[in-house]
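Enquirer: One structure coming up, written as structure tokens, with questions to follow.
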There are 2 protein chains.
Amino acid sequence: MGLDLSAGPAGLTAQLVDIESVSGDEARLAGEIEAALAACPHLTVARDGNAVIARTSAGRPGRVVLAGHIDTVPVAGNLPSSTDGGALYGCGTSDMKSGVAVQLILAAEVTEPVMDVTYVFYDCEEVESERNGLGRLASKAPDLLAADFAILLEPTDGVVEGGCQGTLRAEITARGERAHSARSWMGRNAIHEAAAILDVLRSYQPRQPDVDGLAYHEGLNAVGIGGGVAGNVIPDECVVTVNYRFAPDRSADQAAGHVREVFAGWEIAVTDVAGGARPGLSRPVAAAFAAAMGGTPRAKLGWTDVARFDALGIPAVNYGPGVPALAHTRGEHVRLAAITDCADRMRGWLTG
Amino acid sequence: MGLDLSAGPAGLTAQLVDIESVSGDEARLAGEIEAALAACPHLTVARDGNAVIARTSAGRPGRVVLAGHIDTVPVAGNLPSSTDGGALYGCGTSDMKSGVAVQLILAAEVTEPVMDVTYVFYDCEEVESERNGLGRLASKAPDLLAADFAILLEPTDGVVEGGCQGTLRAEITARGERAHSARSWMGRNAIHEAAAILDVLRSYQPRQPDVDGLAYHEGLNAVGIGGGVAGNVIPDECVVTVNYRFAPDRSADQAAGHVREVFAGWEIAVTDVAGGARPGLSRPVAAAFAAAMGGTPRAKLGWTDVARFDALGIPAVNYGPGVPALAHTRGEHVRLAAITDCADRMRGWLTG
């Protein structure tokens, strides 16, 4: 018994949720999606690991990507799915199998789109960046992703969220000199020294720039601190891990330069950085999509895979029926009406 | 082949060092000490676990304890012992088998002391306080330790060190509210809040009180800090572990009260506290000992087991041939002349 793509938005989302697919374990769900789409004569289907790519080839002048990840965070006693009060509850309902259901419905139903469509279903979004299925496709088969515009069906509560901020992590180290804590004045306490690092963070004024018409909001914060040798030792090292979330008018290099400047004089190691994505809503195809979805687009503050499209030169936005605040919670759910509304609006746009 | 108590200070120290006795593994050395002392007709020998207690019962009006631990920190490739340039190298040479050698020499040779002597050899000084052999004896057989004065042969570089400071550890917790680090202003960063705890420590002015004629020097320091949930989360908790070293004019309760006052308004948990010991050098027996050893007595800043005697109402000092700064180092050693000098001075004192 495979997926029933005609079960409607609610029914199809429930089918997808009930096929457990924690990151790394998406083979069964990918197989079901591949089989269901292979039955659609207007689609060409490819498989790469646990990712599935289905394309229309109607010879239209433009092409759009609709992408979504099919993995979930670990199940938290919230499977199988259940319906209550017009909402579907369960692991992955909001993030983002309701979005995947919309993709599948459009893929099956919209046989004559006004522009060609590439539907991408990928694996391992909820884990380390190196395992990300979209990243794998972008590096080994960028042609498969080529398009004028991309939409990621991540949970956005039905609002178009443009671009995303970048994220950088760095370790700032305070040094001191060890001593026995009974003779502390013989040493220099690295934890006490680290207070000056925290002072920099406390007085930092984050930018709130406007980028392509959307208001971003940066942040520079400690996300970790560690120091100490033993209960009777003045410590010689204290490391503060900071996370800089930067608006997409700054490149990854510029972000690193900024953090080095803020912590000038300190020992600093940038441990990882991922650039953001400009919203690109000034491009006609993106503006038309935003207009069709309604509402007022807003900036995406968290980093998402739209940045991977940005890196390929493809403007991308986030738009999906899920609710961001419910993602990764035990009580995760999605309103059934929101799935239907999302599918209807996108169907209308794709069919002109 | 047992211990040869007539081998002289250098030879006996080498014998003791070459019987490995890392904390918890002192059975063989305790057995050798017990057997060697049992052969001395003027001594009554008792054994408790890996502790050995030998007492003279010459009916003198006063009694003194000479105590030393027989365990060492883990061996660091520095056994067996070796002699070079007038010094004996190896694990435990300074801390404190040279002191134990002095105890054994006096125990064997001083058959007619001017006051009765209790020689205590105990286990597990280098590990958690609960395992300490002297603490075990003090709680299960305090009569065995009864005396007018006690000398701990810990390394003091041949200077009488009076009393010891107390030590207290406490955890000061800063609280905040979690948020996604891309929307940090939705939360409150506990690591940033902890900067105020470090500010208190940075501006703290430690006391340097004179107690019974000796100059102590307190200290209040961070010895640990930890906070952070994940690289993308504003943390809701940051814990600073502080260590307060307090002069012996303050009790453990007073020390705890002081730390609570310094961190008034913060969440604080005192995790462990050990009171110090007043030097007691104004008592005639202690003053006479200090005069016989020569030099100018100084305050002991680190906590030592003299506090266990203080708790039994017995004034106690530290005095031994080892060098404190060499303890627990790979290059640990002791000058042979220092052992002989210590043994000679103490023999002279005990024989009047």
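Enquirer: What percent does the relative contact order of chain B come to when contacts are Cα pairs within less than 8 Å and at least six residues apart?
Expert: 24 percent
Enquirer: Taking 8 Å as the Cα distance limit and 6 or more residues as the minimum spacing, I'd like the relative contact order of the stretch B:202-305 as a percentage.
Expert: The normalised contact order for the stretch B:202-305 reaches 27 percent.
Enquirer: Indicate, rounded to the nearest 5 percent, the antiparallel portion of the DSSP beta bridges found entirely in the protein assembly as shown.
Expert: Of those bridges, close to 75 percent are antiparallel.
Enquirer: For the protein assembly as shown, what number results from the quotient of the Cα radius of gyration and 2.2 N^0.38 Å?
Expert: Normalised Rg, Cα atoms only: 1.37.
Enquirer: Based solely on its DSSP helices, what 222 nm [θ] is calculated for the protein assembly as shown when runs of n ≥ 4 H residues each add -39,500 (n - 2.57) and the sum is averaged over all residues, nearest 500 deg cm²/dmol?
Expert: -8500 deg cm²/dmol
Enquirer: Thinking of chain A as a set of Cα atoms, what percent of all their pairs are more than 39 Å apart?
Expert: Within chain A, distances greater than 39 Å cover 24 percent of Cα pairs.
Enquirer: Suppose we look only past 20 Å in the calculated P(r) of the stretch A:235-342. What percent of the Cα-Cα pairs does that tail hold?
Expert: Across the stretch A:235-342, Cα pairs with separations above 20 Å total 58 percent.
Enquirer: List, shortest first and in nm to one decimal, how far the label point of B:D272 (7 Å from Cα along Cα→Cβ) is from its counterparts in the other copies.
Expert: 3.7
Enquirer: Same structure again: Determine, from the Cβ-Cβ distance of B:R347 and B:D143 and an R0 of 22 Å, the FRET efficiency 1/(1 + (r/R0)^6), rounded to the nearest 0.05.
Expert: Efficiency computed from Cβ-Cβ geometry: 0.25.
Enquirer: Then there's this: Where the only charges are on Cβ atoms (+1 Lys, Arg; -1 Asp, Glu), what is the dipole of the stretch A:245-318 about its Cα centre, to the nearest 20 debye?
Expert: The calculation lands at about 340 debye.
Enquirer: Taking beta carbons within 10 Å but only from partner chains, what does the mean come to for residues A:186-199?
Expert: Partner Cβ neighbours, averaged per residue: 5.
Enquirer: Between A:D84 and B:A230, what FRET efficiency comes out of the Förster formula 1/(1 + (r/R0)^6) with R0 = 30 Å and r the beta carbon distance, rounded to 0.05?
Expert: Approximately 0.45, to the nearest 0.05.
Enquirer: A:A337 versus B:A287, label points 7 Å from Cα toward the beta carbon: distance in nm?
Expert: Distance between the two pseudo-spin positions: 9.3 nm.
Enquirer: Okay, moving on. So, counting K/R as plus one and D/E as minus one, what does the shell of residues with Cβ under 10 Å around A:E126 add up to?
Expert: Summing Lys/Arg as +1 and Asp/Glu as -1 gives -4.
Enquirer: To the nearest 100 Å², how much accessible surface do chains B and A hide from each other in total, with a 1.4 Å probe?
Expert: For chain B against chain A, roughly 2900 Å² becomes buried.
Enquirer: For label points placed 7 Å from Cα toward Cβ, what is the shortest-first list of nm distances from B:G31 to its copies?
Expert: Relative to the other copies, B:G31 has label-point distances of 6.5 nm.
Enquirer: Quick check: net charge around A:A14, other residues with Cβ under 12 Å of its Cβ, Lys/Arg +1 and Asp/Glu -1?
Expert: Net charge around A:A14: -1.
Enquirer: Let me ask something else. Among A:N243, A:N189, A:N232, determine the one that fluctuates most according to a GNM of chain A built with springs between C-alpha atoms less than 10 Å apart.
Expert: Between A:N243, A:N189, A:N232, it is A:N232 that shows the largest mean-square fluctuation.
Enquirer: Also, quick follow-up: Counting only C-alpha contacts under 8 Å and six or more residues apart, can you give the relative contact order of the stretch B:1-151 as a whole percent?
Expert: Computed over the stretch B:1-151, the figure is 31 percent.
Enquirer: Further question on the same structure: Could you work out how far apart the two model spin labels at A:D25 and B:D48 are, taking each label as a point 7 Å from the Cα in the direction of the beta carbon, and quote it in nm?
Expert: 5.7 nm
Enquirer: Under the rule of at least 5 residues apart or a separate chain, name every residue whose amide H is placed under 5 Å from the amide H of A:S23.
Expert: Placed amide hydrogens put A:T72 under 5 Å from A:S23.
Enquirer: Most fluctuating residue of A:T167, A:T271, A:T72 in a GNM of chain A with Cα springs under 10 Å: which is it?
Expert: Comparing A:T167, A:T271, A:T72 in the GNM, the peak value goes to A:T271.
Enquirer: Of A:I70, A:I225, A:I151, which is the most mobile in a GNM of chain A whose springs link Cα atoms less than 10 angstrom apart?
Expert: A:I225
Enquirer: Taking 0.36 nm per intervening residue step and subtracting the Cα-Cα distance, what contour gain separates B:Q208 from B:D272 on full extension?
Expert: Stretched fully, the B:Q208-B:D272 segment lengthens by 20.8 nm.
Enquirer: With both bridge residues required to lie in the stretch B:1-122, what share of the DSSP beta bridges run antiparallel, to the nearest 5%?
Expert: Antiparallel bridges make up about 60 percent of those DSSP assigns within the stretch B:1-122.
Enquirer: OK, next. I want the local charge near A:A38. Using Cβ-Cβ distances under 12 Å, sum +1 for each Lys or Arg and -1 for each Asp or Glu among the other residues.
Expert: Here the count lands on -1.
Enquirer: Hey, quick one: spin label on A:E171, modelled 7 Å out along Cα-Cβ, who in the stretch A:271-294 has an amide N within reach, i.e. under 19 Å?
Expert: Counting backbone N atoms under 19 Å from the label point, the list is A:271-274.
Enquirer: How tilted is helix A:336-350 with respect to the longest principal axis of chain A? Cα atoms for both, answer in degrees (0 to 90, nearest 10).
Expert: Value to nearest ten degrees: 70.
Enquirer: Would you mind checking which residues have amide H under 5 Å from A:V211's amide H? H placed 1.01 Å from N; only 5 or more apart, or other chain.
Expert: Those qualifying (amide H under 5 Å, at least 5 residues apart or on another chain) are A:Y216.
Enquirer: Once phi is turned into ³J(HN,Hα) by the Karplus curve 6.51 cos²θ - 1.76 cosθ + 1.60 with θ = phi - 60°, what whole-Hz value does each residue of the stretch A:32-47 show in order, with x for glycine and proline?
Expert: Residue by residue, the stretch A:32-47 yields 5, 5, 4, 5, 5, 6, 4, 7, 9, x, 7, 10, 9, 10, 10, 10 Hz.
Enquirer: Same structure, new question: A:H328 versus B:S57, label points 7 Å from Cα toward the beta carbon: distance in nm?
Expert: So the label points at A:H328 and B:S57 sit 7.2 nm apart.
Enquirer: Can you give me the accessible area per residue for chain B, using a 1.4 Å probe, in Å²?
Expert: For chain B, the per-residue accessible area is 38 Å².
Enquirer: Evaluate peptide A:174-182: per residue, the Cβ atoms of other protein chains within 10 Å of its Cβ; return the mean as an integer.
Expert: 4
The values are calculated or read from the model by the stated rules, or taken from the named source; none is laboratory data. In this text the structure is predicted, and so the values were computed from the model without any measurement. So basically every Cβ, Gly included, is an ideal-geometry build from the backbone, and we count neighbours across all protein chains shown. These accessible areas exclude ligands, DNA and RNA; they are computed on the full protein's heavy atoms, side chains included. Shrake-Rupley method; radii C 1.70, N 1.55, O 1.52, S 1.80 Å.
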